[in-house]
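All remarks here apply to the structure that follows.
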Amino acid sequence: MNVAVVVFPGSNADFDALHAARDVLGADTRRVFHKEESLGNADAVIIPGGFAHGDYLRCGAIARFSPIAKAITEFAERGGPVIGICNGFQILTEMHLLPGALTRNAHLRFECGDIYVRTEARGAFTTGISEGKVLRLPIAHAEGRYQCDAATLALLEKDARIAFRYCDESGNVEGFTPKSKSMANIAGIYNEKRNVLGLMPHPERACEKILGNDDGFLLFASLREHLRHGGTQ
């Protein structure tokens with residue numbers, strides 16, 4: 001299994017993603033700089049967190065025009081698994097590989113700490129996670145408030161493409177409001193083919209028991225199973 005970690009100017013979670021994929025998952029992993037035009041022999045792509053291009057204009061807005069963006073889009077359109085984490089989620093929305101947008105947290109402050117999310121959708125990165133399972137994952141973002149129009153939200157709900165929702169420790173979504181006030185408590189969504197996932201929490205930073213939490217490894221293990229079965233659900 002070959003994994004490409006795409007690096008933009010300002011990416012700061014690329015080595016975390018590299019470590020999770022290479023040293024924990026055991027995949028052949030390499031960093032692909034944004035000025036490259038090919039993903040090589042990648043079987044999966046990680047767009048890591050950070051501040052691509054300094055988050056100028058909007059988070060991820062400039063990254064959309066990087067040379068590597070065309071290769072990522074073509075890879076995703078062929079059904080290749082792509083995960084965008086935090087800033088990577090923002091980039092995927094700017095590239096129109098995922099709908100909606102990530103805007104400023106409601107209280108206009110940066111949030112950093114562990115949160116809980118409830119798993120709700122099947123897909124390349126959740127196929128091995130039971131529906132309703134609660135994961136504890138770290139967040140680190142100022143623009144994590146997911147928003148979209150009513151029609152898009154209805155479609156995400158109808159097609160069961162909301163991968164993760166913020167919840168309390170017991171998995172309760174109703175009555176729980178994340179500090180970002182993300183619409184419908186959305187923490188992560190899939191595209192129509194369910195091969196592209198964007199999420200705000202950082203699973204790559206919670207992949208080893210030595211860190212006190214390996215809940216995030218479930219997403220990488222699901223990716224491995226997804227690829228072992230030929231990329232089918």
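Every read-out reported here was derived from the displayed coordinates using simple, explicitly stated rules and does not represent laboratory data. Keep in mind the model is a prediction, meaning the values are calculated, not measured. So basically every Cβ, Gly included, is an ideal-geometry build from the backbone, and we count neighbours across all protein chains shown.
Data table
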| read-out | value |
| --- | --- |
| Packing-based order for 224-230, 181-187, 165-171, using average beta carbon neighbours within 10 Å, highest first | 181-187, 165-171, 224-230 |
| Nearest-20 debye value, the chain charge dipole, Cβ charges on Lys, Arg, Asp, Glu | 200 |
| Inter-probe distance in nm under a simple model that places probes 7 Å from Cα toward Cβ, at Ala151 and Lys209 | 5.1 |
| For the range 38-66 versus the range 194-233, the gap between their alpha-carbon centres in whole angstrom | 19 |
| Gaussian network model of the chain, Cα within-10 Å springs - most flexible of Gly49, Gly40, Gly123 | Gly40 |
| Listed residue (Ala142, Ala27, His96) projecting farthest to the positive dipole end of the chain, Cβ model | His96 |
| Two-site label geometry, Glu174 and Glu36: point separation in nm, points 7 Å out along Cα→Cβ | 4.8 |
| Cβ-based exposure ranking for Asp159, Asp214, Asp14, in which fewest neighbours within 10 Å come first | Asp159, Asp214, Asp14 |
| Taking the range 2-228 and dividing mean pair separation by its residue count, relative contact order in percent (alpha carbons under 8 Å, at least six apart) | 21 |
| Mean residue ellipticity (222 nm) of the chain, computed from DSSP H runs ≥ 4 via -39,500 (n - 2.57), nearest 500 | -5500 deg cm²/dmol |
| Shape call, the range 2-228: gyration tensor on alpha carbons, a/c limit 1.5 | rounded |
| Eligible aspartates and glutamates near Lys158 by straight Cα distance, threshold 14 Å, same-chain separation 8 or greater | Glu120, Glu192 |
